[in-house]
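Read through the structure below, which is laid out as structure tokens, and then see the notes.
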Amino acid sequence: MDKLKSVLSGEEARRDDRTVLETVNEASTLSWGTRLKGFVACFVVGAGCTILGVCMLFLPKIGLTLFIVFYTFGNICALCSTMFLMGPVKQLKRMCDKTRALATTIMITCLVLTLCAAFWWKNFGLALLFVILQILSFSWYSLSYVPCAREAILKLVAVCMK
């Protein structure tokens, strides 16, 4: 009955003119409550993985590897959690803004290089260096969403350097 109603009202013709992206966006639209629940769930999983990774650091032999995996996965979950609030397309556009492009590139590169250093190159010192760079780049990226935060940090560093 709904199909007949849409054909008679002319909505069916408008639906044929939509692009694939519009169709996917319409099909994946979530209510604000669902978006908030998804954000909280994904963020909690990310924070839990990060905390679990830090706890695993102190295990003998495999602790460093588990730390790297859980910490990196936690950062990925925390980054993906914001996609629930804005939507994936808008989030990706914001990540590529000129104010965030460098921080985003460094952050994603460090995420990948951390895993490469741990599993492919088997160099845990380098992996820890990339974890530190993950922390710094993720912090700098996050500060870009707070008005004037980056400028305040830069001024604080400049004052401390004098």
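Computed from backbone phi, the HN-Hα couplings of the stretch 136-147 come to 5, 5, 5, 5, 5, 4, 5, 5, 5, 8, 9, x Hz, rounded to whole numbers (Karplus: 6.51 cos²θ - 1.76 cosθ + 1.60, θ = phi - 60°; Gly and Pro given as x). Surface composition of the stretch 61-115: carbon plus sulfur atoms hold 77% of the accessible area, using a 1.4 angstrom probe and ignoring ligands, DNA and RNA. Of the two radii for the stretch 61-117, the radius of gyration is 1.06 times the Kirkwood radius, both from the alpha carbons; that is the Rg over Rh value. Placing unit charges on the Cβ atoms only, positive for Lys and Arg and negative for Asp and Glu, gives the stretch 55-134 a dipole magnitude near 180 debye about its Cα centre.
The residues of the stretch 72-124 expose, per residue, 57 Å² of accessible area to a 1.4 Å probe.
The values are calculated or read from the model by the stated rules, or taken from the named source; none is laboratory data. Source: prediction; values computed, not measured. Please note: Cβ atoms are built from the backbone with ideal geometry, for glycine as well, and neighbour counts cover all protein chains shown. Just the protein is used for accessible areas: all its heavy atoms, side chains included, with ligands, DNA and RNA removed. Shrake-Rupley method; radii C 1.70, N 1.55, O 1.52, S 1.80 Å.
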